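The values are calculated or read from the model by the stated rules, or taken from the named source; none is laboratory data. All figures in this text were calculated on a predicted structure; none of them were measured in a lab. Note that each Cβ is placed from the backbone with ideal geometry, even for glycine, and that neighbours are counted across all protein chains shown. Each accessible area value is taken on the protein alone, full model and side chains, heavy atoms only, with ligands, DNA and RNA left out. Shrake-Rupley method; radii C 1.70, N 1.55, O 1.52, S 1.80 Å.
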Amino acid sequence: MERLEQRLGYTFSDRSILDTALTHSSYANESPQSRRSNERLEFLGDAVLGFCAAKTICRLYPDMPEGGLTRLRAELVCEASLHQVALSLCLGDYIHLGRNEQGNGGRQRTSILADCVEAIIAAIYLDGGLEPAEAFIARHILRDVQAGRRPARTDYKTQLQELLQHAGGAAPAYTIVGETGPDHDKTFTASVALHDGASARGEGKSKKEAEQAAAKAALELLEH
């Protein structure tokens, strides 16, 4: 825990909160003792992250219209961005996973790692308040934008929406059309409907991943 706290840049007064933030639902469900998963912390952390990101980009870009602010915030807090943060912090080494989830590569799974980052944000907020949570977000998630560097465009859903709206079409509509595999290792299939009646599909280990994959496939389809 001390090594992880050094990487986070924050020392917890109550380490049990950090331990909960590292507890995946698969571990909580398999544990003989009553344990909480990090799902509620993930929910709270998402809200804290969204607020801090919005506050920062409003300060940095005082003349940017609302639509641009929305797109920039989405790029900063998307699953791919949080996954990179998790990798830099080596969170996969610390997450508590159930046996099946661990055996199926859960420590490298994008959605699990990204969710853990949000849970840690909430844990810092609950343990120390908004100031240290905001400092963590600034240091690990908003560092590039504060240095004047825009994030890489890995949010395919935002790119697709911008492309279709620029062409005068309606916003893309996503539907989860399939689920395969056991509960601990599901694969989701998403379909996105385009304005001309065409559609594209993509798969992922979470619904978010599947939708991003479908948006990427749609972009490739529209380029040809």
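Count of the range 14-29 residues, restricted to those that are surrounded by fewer than 16 Cβ atoms within 10 Å (Cβ to Cβ) and acidic (Asp, Glu), is 1.
Counting residues in the range 83-95 that are touching a strand residue (DSSP E or B) at 6+ places or on another chain (Cβ under 9 Å), open to solvent by 30 Å² or more (accessible area, probe 1.4 Å) and under 20 Å from Arg15 (Cβ atoms) gives zero. Scanning the range 31-48 for residues that are among the small types (Gly, Ala, Ser), under 18 Å from Leu142 (Cα atoms) and open to solvent by less than 40 Å² (accessible area, probe 1.4 Å) yields a single hit, Gly45. The criterion of at least 3 residues that are within 12 Å of the chain's Cα centre (by Cα) is met, among helices (runs of 4 or more DSSP H) falling completely within the range 109-153, by 110-128. Which members of the range 49-68 meet the condition of being part of a helix (DSSP H, G or I), open to solvent by 30 Å² or more (accessible area, probe 1.4 Å) and at pLDDT 85 or above? Listed by number, the residues that qualify are Phe51, Lys55, Cys58, Arg59, Leu60. Every listed requirement among (1) of a type in the set (A, V, I, L, M); (2) buried (at least 16 other Cβ atoms within 10 Å of the Cβ); (3) over 18 Å from Asp46 (Cβ atoms) is met by Ala123 save one, (3). Among the residues of the range 178-224, write down those that are under 22 Å from Ile112 (Cα atoms), part of a strand (DSSP E or B) and open to solvent by less than 70 Å² (accessible area, probe 1.4 Å). Selection gives Gly178, Thr187, Phe188, Thr189, Ala190, Gly202, Gly204.
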